[in-house]
Structure formats: C-alpha cells, structure tokens
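*Asks:* Take a look at this one; I'll ask things after.
The values are calculated or read from the model by the stated rules, or taken from the named source; none is laboratory data. Here the structure is a predicted model, which is why all the values come from computation and not from measurement. For neighbour counting, all protein chains shown are included, and Cβ atoms are generated from backbone atoms with ideal geometry for every residue, glycine included.
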Amino acid sequence: MSTSTLGTPTPTPGVACAPAARRRPGTLRRMLRTTALVAFALAFLFPFYYMFIGSLQAEPDTSPAGAFPTGGLTLDNYREINTEINLLRSLLNSGIFTGGAILGTVVFGVLAGYALAQLSFRGRGALFGLVLLVQVVPFQLLLIPLYVLIVRGYGLADSYLGMILPFAINTTAVFVFRQFFLQLPADLFAAARVDGASELRILWSVALPLVRPALLTVVLLTFIGPWNEFLWPFLITKQTDMQPLAVSLANYLSNVAARAANPYGAILAGACVLAAPAVALFIAFQKHFTSTNIGSGVKG
Amino acid sequence: MSVRLTRGTHQHPGRRPVTALLGRHPVGLALIAPYAAFIVLVFAYPLGFAVWISFHDYFFAAPGAQVDRPFVGLENYRAVIGDPGVRQAFGNILVFLLINVPLTAVLALTLAVALNRSIRGRTFLRVAYYVPYVTASVAVVGVWLFLFSSDGLVNRVLGPLAPDPSWLVNETLAMPLIAVFVAWKQLGFFILLYLAALQTVPKELYESAAVDGATAWQRFRSVTVPAVRPATTLVVILATITGANLFTEPYLLTGGGGPNGASTSPVLLMYQRGIEQGAPDVAAAIGVLLVVGVVTVSMINRRLLERP
C-alpha cells in the first residue's frame, strides 16, 4: 500500500505531457483552479473564524462589518459559559469517555487485527465475515435495545462504563490493524516462534513497533468519534456532573441559552472549547490523516 | 525455504490433534475472543433484541419487576405506519437524501480531482476541507444557529432577499439547510475517499485521451468518472447511511425537528417516541423500518451506479 497523501506531489496528467505550445493556457487554468479552490476553502473555514470572533465579542454584532471587529474583544463569554456549565468537569468527562474508547479500540483492535492477519486458526474466515457484517449494522437499529440493556438492564446510566461500552470496540480499527499486519512478512513471526517467543510477546515486541503509524492513525480517528459524539452520552447521562462537554453544551444551547444576556457569545465560547482539542490534534498530525489509511479502513 | 521448515515442525497432525481441530495457531482464537465477545454483547444480541421488541408490547418497568410483555404481531408496525408524524419524518429524510447525497458526491469528486493536481498550498486546502469533519456537530451547530438566525449575518447580507420566515423556522427551507450543513460537515471525509480512488486510475488513460485531443472536461467524463465508479458507489452508500442516522442537527438546529415537524428525522422520532414518551416498542419498529429502507435505497443505488 502506498502512503500517498495530499502532500505528495503527483505529476499533473494533462499539463505535464502537453506539448510546449499548450503550456500557457495550462498555467492560466491552473491559476484559475487554485483561486477557485482557495475561495472555496475560505468559505469552508469562515464558520470557524466566525465562531472564534463571536466568542470574543461582548455584544453580538451580526452586521457584515461585525465579522471583522477592530476592538472591544473580551473573554467574558468564556467566564459566562464556565459558570453555566462546569467546563473543567465536562472536559474531564469528555476525556475519560474518549480515553476509555481509545484504550478499548486499540487493545481489542490490535489483538483481533493481528490474529486475523498473521495467525491461522479454525473459524478465522467466519470471524472475518462477521467483522465485515458488523460494519453494515446501522446504529439506529441499536439505539433502543442498547438503551434498554445498558440503562435499564445493566443499570449503567450516568456511568463512564455505560458511556464507553458501545464505543470500546471499533471495527474500522480492526480493519486498519489487519491491513497493516498483513504487510509484515510471515517469516518474521515464524522466526520469532522458532526462538520460542509466545504470541503475545511476538505481538508486543515484534509486530507492534512495526505498525506504529497505524497506531497513531487509529488513535486519531478514534479520538474524534467519542469526543464529538452527542446522541449516546446524551441518552445515558442525566446528571450534569457526568455529562461530556458535547452534551452539556447542547443542553445549554437548547434549554438555558434563552435566559443569558449574550447567549450566542456563551454558546460560541463553549463551541470553541469543544472544537479546539480535535482541531488542534488534526492540524498537528494532519499528515497521518492520509487518503490510503482511511480508505483501507473503510474498504477493508 | 526456512519458512517451510518451521511450518513443517508445527504441522504434525498425528502428534498434535489440537492443530487439526483448532488450526495451526489456536492462540489466535484467544486473541480474537474479546472482540468476538463484544460483537455478541454490543451488536448481535441488541440487534436481535430490537427486532424482538418491535413485535412485542414492550414498556419500561421498574428494575427487577416481573412484567408480562405479550407478543402483538405487527401491531407496532401498524401503529407506526398509521402515524402521520412518522410518515412525515420518512418524507423529510427522503428530501434530505435527495439534496445531500448528490451534492456530496459531486462536490467531493470535483474537489478531489482539483486537489489531486500539483498545486501550491495543498496543506492549507487539505486542512480547510477536513476541519469541519473533525469538529463536533454540537460546536458547529452553535455557529450555524448564529449565522442563520432571523437577525443573523446571512440574512443581513441578503438584505431584502432574506427568506421570510427565516431559514430555520421556514417549513420549506429547514430540511434543505440541514442537508447542506451535513454535506459541508462530511465533505472532507468523502474527498479523502475519492483521492484514494484517484491514485488507482492508470496515468496512461489520461495520456492516450490527451493524445486523442480530448478536452479536460471530456477526460473527466470519459476517464475519471468511470474509473472512480466503485468509490462513487461507496460514497453514495456511506452518505445515505450517515443521512439516515441524522439526529443532532434537527434536534439542536431546528429545536427538535421544527417547524411543525418539517425537519424531524426518523432517529429523532425514535428518541421522542421511545425514550421521551416511553414507547420503546414503537421506536424499535421505526428503527427496523428505517434500516429496511436504508438497505433498499443502498441496493437500488448500487444497481444504478454499477450498471455498465
């Protein structure tokens, strides 16, 4: 598998092999294309800019000029949202929920991916079929039974375990790990087995160090799932001190905002706090969000 | 050679009956067991349970209480189909899909093709298109509420052209706006899928098309679009599944599926009927119907898109 990313230069098919006489319109076309792409990208980013600026304004100014304020920026909205919802507590809940989901996804995903890729045992084909099948089960159908089982049956409402449980396994991660382990030569593992190493030891000291990029990809992809998830934690948390930030902000947005002096300011401040970790991680590690990594995860 | 030798020492059917029974590496079963157990606990069992609930008179009872939940056949389904609110929600999601899916596929392919060329500032463009995808819906819903409120920036810019009633409280505009919102939010992911597919298109096809004097548009039509057809099928099916799961946007953006239920989605209805109003049996029946609908639409799409 090639690990080409958007950053890898690929030869321009039409322009590169065109005769010299056609190079000028090609350059013009390229400039037009770049301009259109940049304009589109700015339109894509505008809501994020507006979110940040809005979170710093004391009074909401919805005029076009208000989008580019020259002064009067304040952190009051952040103070306001922090008194309405305990930001630190909500962030902690989000962190525990996300951390638990990542831990489960990586541990179970590595074990299952390694077994499916490098070990031959009875039922492997059937299990891989099961993995494929699980990918097509939609969450809508599971919504009611999972709520009934986890909240009513196991009594896990308002608990981290109940929040994490449906996210502790991620079939996409199993696919990504399987894909990476498949690329490692079987001789490598055979040699380690001859030396008498146990499978767990081989996995830990031979296989895992070789798939470090996959590990990072899975951690990043898994992070955005639970961190941004709203529906499930919303269903199972009623106590405000157990709610992740996405849930407490949504509740503020739909219930409390009407009473605040500058509701949009406080909402946008909360939105910035919620968005910042995921966006920062993505920008820092954007090289690892490669088309092939994610493509292989989805396509198997 | 060495591989064969090592395998040979492990494969002694006479000496190791366990190998014949469980395969060469029975430890694989142990490694995959936690995953398999989870699949049963969190997917397989609830899946069967959902169908079971939908055929029974199911209601929430106090923990530990022994209650009778009689089999009612298709009663729940009859109630669901006879409910105008449910029919409206399914109609809404159809409107959503008709706008969202073509918009997503066309924009994602166009942008992926443009990004696939060597251009300056690609990292910036990559981040710009991908950032909405990595951001929480709840956060970006906040800013869209602000932008599209009746006194918001969009209406201020439009001036006299602003719709009345405003976007999110307008029965005809609420659902299309949500469809555009979701397309914007998810586009980065689908661009990545198309970019992966574009890497597999043979360069020779473009070269021979250029030699034949094909214009850029002709090359796009007759080389790129057919070559990425499997990716298009995937994009359409994934966008359909994402759309059918719609919940957060109507719940927050239009205050619970308003106005007058014009933006209610089936999943939102499952929450309202099943958990708020305490009728999980009806909600389970909506879920089963929704999944049947999604599978049907996906299969029709697949047939249409994979037709030679």
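*Asks:* B:V228 - would you say it is within 26 Å of A:L221 (Cα to Cα) and more than 8 Å from chain A (Cβ to nearest Cβ)?
*Replies:* In short, yes.
*Asks:* Can you name every residue in region A:140-159 that is facing chain B (nearest Cβ under 7 Å) and buried (at least 17 other Cβ atoms within 10 Å of the Cβ)?
*Replies:* Answer for region A:140-159, where residues must be facing chain B (nearest Cβ under 7 Å) and buried (at least 17 other Cβ atoms within 10 Å of the Cβ): A:Q140, A:L141, A:L142, A:L143, A:I144, A:P145, A:L146, A:Y147, A:V148, A:L149.
*Asks:* Right, another one. Report yes if some residue within region A:121-133 is at pLDDT 90 or above, basic (K, R) and either surrounded by fewer than 18 Cβ atoms within 10 Å (Cβ to Cβ) or under 30 Å from the mean Cα position of the chain (by Cα) (or both); otherwise report no.
*Replies:* no
*Asks:* Same structure, new question: Among (1) closer than 22 Å to B:V288 by Cα; (2) modelled with pLDDT of 90 or more, there is one condition B:V42 misses while meeting the rest; what is its number?
*Replies:* In the conditions (1) closer than 22 Å to B:V288 by Cα; (2) modelled with pLDDT of 90 or more, B:V42 misses (2) alone.
*Asks:* Take region A:32-66 and flag every residue that is within 8 Å of chain B (Cβ to nearest Cβ), touching a residue at least 24 places away in the same chain (Cβ under 8 Å) and part of a loop (DSSP other than H, G, I, E, B).
*Replies:* The answer is A:P60, and nothing else.
*Asks:* Hey, which of the helices (runs of 4 or more DSSP H) in region B:191-267, taking only ones fully inside, have at least 3 residues that are surrounded by fewer than 21 Cβ atoms within 10 Å (Cβ to Cβ)?
*Replies:* In region B:191-267, B:203-211, B:216-219, B:229-244 are the helices (runs of 4 or more DSSP H) which contain 3 or more residues that are surrounded by fewer than 21 Cβ atoms within 10 Å (Cβ to Cβ).
*Asks:* Still on this structure, please answer the following. Look at B:Q186 and say whether it is at pLDDT below 90 and touching a Ser or Thr at 6+ places or on another chain (Cβ under 8 Å).
*Replies:* no
*Asks:* Within region B:231-269, work out how many residues are more than 8 Å from every other protein chain (Cβ to nearest Cβ) and on the phi < 0 side of the Ramachandran plot.
*Replies:* The total comes to 23.
*Asks:* Right, here's the next one. Do we have any residue at all in region A:178-195 that's within 11 Å of chain B (Cβ to nearest Cβ) and within 18 Å of the chain's Cα centre (by Cα)?
*Replies:* Scanning region A:178-195 turns up no residue that is within 11 Å of chain B (Cβ to nearest Cβ) and within 18 Å of the chain's Cα centre (by Cα).
*Asks:* Could you say which residue among A:T105, A:T83 is more than 28 Å from the chain's Cα centre (by Cα) and either modelled with pLDDT under 90 or within 11 Å of chain B (Cβ to nearest Cβ) (or both)?
*Replies:* When all the criteria are applied, what remains is A:T83.
*Asks:* Among the listed residues B:F146, B:F181, which satisfies the condition of being within 27 Å of A:L231 (Cβ to Cβ), without any contact (Cβ under 8 Å) to a residue 40 or more places away in the chain and not in a loop (DSSP other than H, G, I, E, B)?
*Replies:* B:F146
*Asks:* Here are some residues: B:A114, B:A128, B:A105. Which one is aliphatic (A, V, I, L, M) and within 23 Å of A:V279 (Cα to Cα)?
*Replies:* Of the residues listed, the single one that is aliphatic (A, V, I, L, M) and within 23 Å of A:V279 (Cα to Cα) is B:A128.
*Asks:* Of everything in region B:119-155 that's polar (S, T, N, Q) and facing another protein chain (nearest Cβ under 7 Å), which residue is farthest from B:A262 (Cα to Cα)?
*Replies:* Going through the qualifying residues, I end up with B:T123.
*Asks:* Test A:A112 against the stated conditions and say whether it is surrounded by fewer than 16 Cβ atoms within 10 Å (Cβ to Cβ), in the same structural domain as A:T222 (by TED's automatic domain parsing), over 24 Å from A:K238 (Cα atoms) and modelled with pLDDT of 85 or more.
*Replies:* no
*Asks:* Can I ask one more? Given the conditions (1) under 18 Å from the mean Cα position of the chain (by Cα); (2) within 26 Å of A:S198 (Cα to Cα), report the number of the one that A:F97 does not fulfil.
*Replies:* Evaluating A:F97 over (1) under 18 Å from the mean Cα position of the chain (by Cα); (2) within 26 Å of A:S198 (Cα to Cα) leaves (2) as the failure.
*Asks:* Assuming B:E171 fulfils every condition listed in (1) in contact (Cβ under 8 Å) with a residue 40 or more places away in the chain; (2) touching a helix residue (DSSP H, G or I) at 6+ places or on another chain (Cβ under 7 Å) apart from one, which condition is it?
*Replies:* Checking B:E171 against (1) in contact (Cβ under 8 Å) with a residue 40 or more places away in the chain; (2) touching a helix residue (DSSP H, G or I) at 6+ places or on another chain (Cβ under 7 Å), the one that fails is (2).
*Asks:* Could I ask something else about it? Scan B:V295, B:V223, B:V235, B:V228 and give me the residue that is in contact (Cβ under 8 Å) with a residue 60 or more places away in the chain and over 30 Å from B:W167 (Cα atoms).
*Replies:* B:V228
*Asks:* What is the one condition in (1) at pLDDT below 90; (2) touching a helix residue (DSSP H, G or I) at 6+ places or on another chain (Cβ under 7 Å); (3) assigned to a helix (DSSP H, G or I) that B:V51 does not satisfy?
*Replies:* The single condition B:V51 does not satisfy is (1).
*Asks:* Still on this model: Sort out which residues of region B:156-171 are within 14 Å of chain A (Cβ to nearest Cβ), within 32 Å of the chain's Cα centre (by Cα) and assigned to a helix (DSSP H, G or I), and write them in order of number.
*Replies:* B:W167, B:L168 - these are the residues of region B:156-171 that are within 14 Å of chain A (Cβ to nearest Cβ), within 32 Å of the chain's Cα centre (by Cα) and assigned to a helix (DSSP H, G or I).
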